[in-house]
Amino acid sequence: MTMRTNYFLLFAILLGVIPMSYTHANDSIPKSVILYTPYTKISVSPGASIDYSIDLINNTDQLTNANLSVSGLSSSWKHEMKSGGWSLSQLSVLPKEKKTFNLKVEVPLKVNKGNYHFVVYAGNAKLPLDVVVAQKGTYQTEFTTDQPNMQGNSKSTFTFSATLKNQTADQQLYALMANAPRGWNVVFKPNYKQATSAQVEANSTQNVSIDITPPANVEAGSYKIPVRAATGTTSAELELEVVVTGSYQMELTTPRGLLSTDVTVGDVKKIELEVRNTGSSLLKDIQLSANKPADWEVTFEPSKIDALKAGETSTVMATLKASKKALPGDYVTTIMAKTPEVNADAQFRIAVKTPMIWGWVGVLIIIATIGVVYYLFRKYGRR
């Protein structure tokens, strides 16, 4: 186009003879090429990742090659434009068609609350966008679980599934700790492997399984177990609750565990017993009884135990009286401790002996017999 022609066009435009749109045919990107997304103003939290789906629409009769760019974002706001798995800097659109590309924007963790405005360009086409950050961002760590409370008996292992989130801009190595009561065992399993620490990438999460085992003689009740993930600069705490339901267990024995003794016919024998609450619940109204041989007597002092706490032991004195008609030998007596919830018993082997006087009588009879034989031998032996 000659210089004279250009002056003519400019003069014609100024006079209104030729409309301004006539010049669009000579622009590199026609004005009728537009950018569109429905989400032009959104509200997010610090550290969020925003994915925009943007259409580049070519309403002209010409092929459009549009250079893509973003303006208005600071260097801490990372962004990338992609389509078909490729990173983009230019997009070509056929006449009367549209192409879709994705814009990913990473909101920084350390950001002030407020409205952030930026513009997406495709040649001369532009798309203004606003991001409202709802709260001020900080470097922090989150330690969370969907199920902080579990219930089971004292023999259970309580397994909690927790999530450790590193909301900082740096990789962190967290030490994993628990403040559990004495006797409790807490095991951490980052990514299901037992460990005492967990390494989490910046703005990433890691699953942590927490196994909690109560002591053997734990009482029924609710127990708080604080667990913590900490580094030199950031930390987070999570409080877990374990509810131990009652288990009823009882043991009947002697102080030395000896379950045998002896007694003289018709005599009395005292046996010291121990009743132990080996469960996790309080035992009430423990009744003592015995399954004994005929004509034997067994009494207890005390005759019953009103209450016995978990892990405690109570001493009972059993008095056993053997029958006067009992023959020497071994007898079995079963002593029982019973509550409405649980029973315990112990079998005692009782060796019955004859009185010492009958032993001496036997010795005298033998001596007398020998004397009689000797006398008869001396008197009639020479005949």
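The values are calculated or read from the model by the stated rules, or taken from the named source; none is laboratory data. The structure presented is a predicted model; accordingly, all values stated were derived computationally and were not measured. Using ideal geometry, Cβ is built from the backbone for each residue, glycine included, and neighbour counts are taken over all protein chains shown. When the accessible area is computed, the model is the full protein with side chains, heavy atoms only, and any ligands, DNA or RNA have been set aside. Shrake-Rupley method; radii C 1.70, N 1.55, O 1.52, S 1.80 Å.
Observations
- Taken as Cα centroids, the range 41-74 and the range 177-200 sit 45 Å apart, rounded to the nearest whole angstrom.
- Tilt relative to the chain, helix 3-15 - C-alpha long axis, 0 to 90 degrees, to 10: 80 degrees
- Given charges at Cβ of Lys, Arg, Asp, Glu: the chain dipole, positive-most of Thr254, Thr40, Val332: Val332
- Dipole orientation for the chain: of the candidates Tyr223, Ile57, Val372, Val372 has the Cα lying most toward the positive pole (charges on Cβ; Lys, Arg +1; Asp, Glu -1).
- Available extension along the chain between Lys126 and Asp55 is 24.4 nm, counting 0.36 nm per residue and deducting the alpha carbon span.
- When you filter the trypsin sites (Lys or Arg not before Pro) in the range 238-305 for DSSP loop state and at most 14 other Cβ atoms inside 10 Å of their Cβ, you are left with Arg256.
- Computed extension gain for Ala216 through Asn115, at 0.36 nm per residue and net of the alpha carbon distance, reaches 30.6 nm.
- Size of charge dipole - the chain - debye, nearest 20, with Cβ of Lys, Arg +1 and Asp, Glu -1, no other charges: 1480 debye
- Label selected from (i) 25.4; (ii) 30.9; (iii) 20.7, the criterion being Kirkwood radius over Cα pairs in Å as computed here: (ii)
- Across the accessible surface of the chain, with the other protein chains kept in place and a 1.4 Å probe, carbon and sulfur atoms take up 51 percent.
- Per-residue ellipticity at 222 nm computed for the chain from its helices equals -3500 deg cm²/dmol, with DSSP H segments shorter than 4 residues left out and the rest contributing -39,500 (n - 2.57).
- Helix 356-380 and the longest principal axis of the Cα set of the chain meet at an angle near 40°.
- Candidate cross-link partners of Lys136 among the lysines, defined by an alpha-carbon separation under 20 Å and a same-chain spacing of 8 or more, comprise Lys41, Lys78, Lys110, Lys113, Lys165.
- Neighbours of Leu238 by Cβ distance under 10 Å: Lys/Arg scored +1, Asp/Glu scored -1, total -2.
- Accessible surface, the chain, averaged per residue in Å² (probe 1.4 Å): 60 Å²
- Electrostatic bookkeeping for Val131 treats Lys and Arg as +1 and Asp and Glu as -1; over the other residues with beta carbon under 12 Å from its beta carbon, the sum is 0.
- In the chain, a dipole from Cβ-located charges (positive for Lys and Arg, negative for Asp and Glu) runs towards its positive end, and of Asn203, Gly266, Ala178 it is Gly266 whose Cα lies farthest in that direction.
- Environment charge of Asn277, counting only residues whose C-beta is closer than 14 Å and scoring Lys/Arg +1, Asp/Glu -1: -3
- The lysine pair count for the range 250-354, using Cα distances under 18 Å and pairs eight or more places apart or on different chains, is 23.
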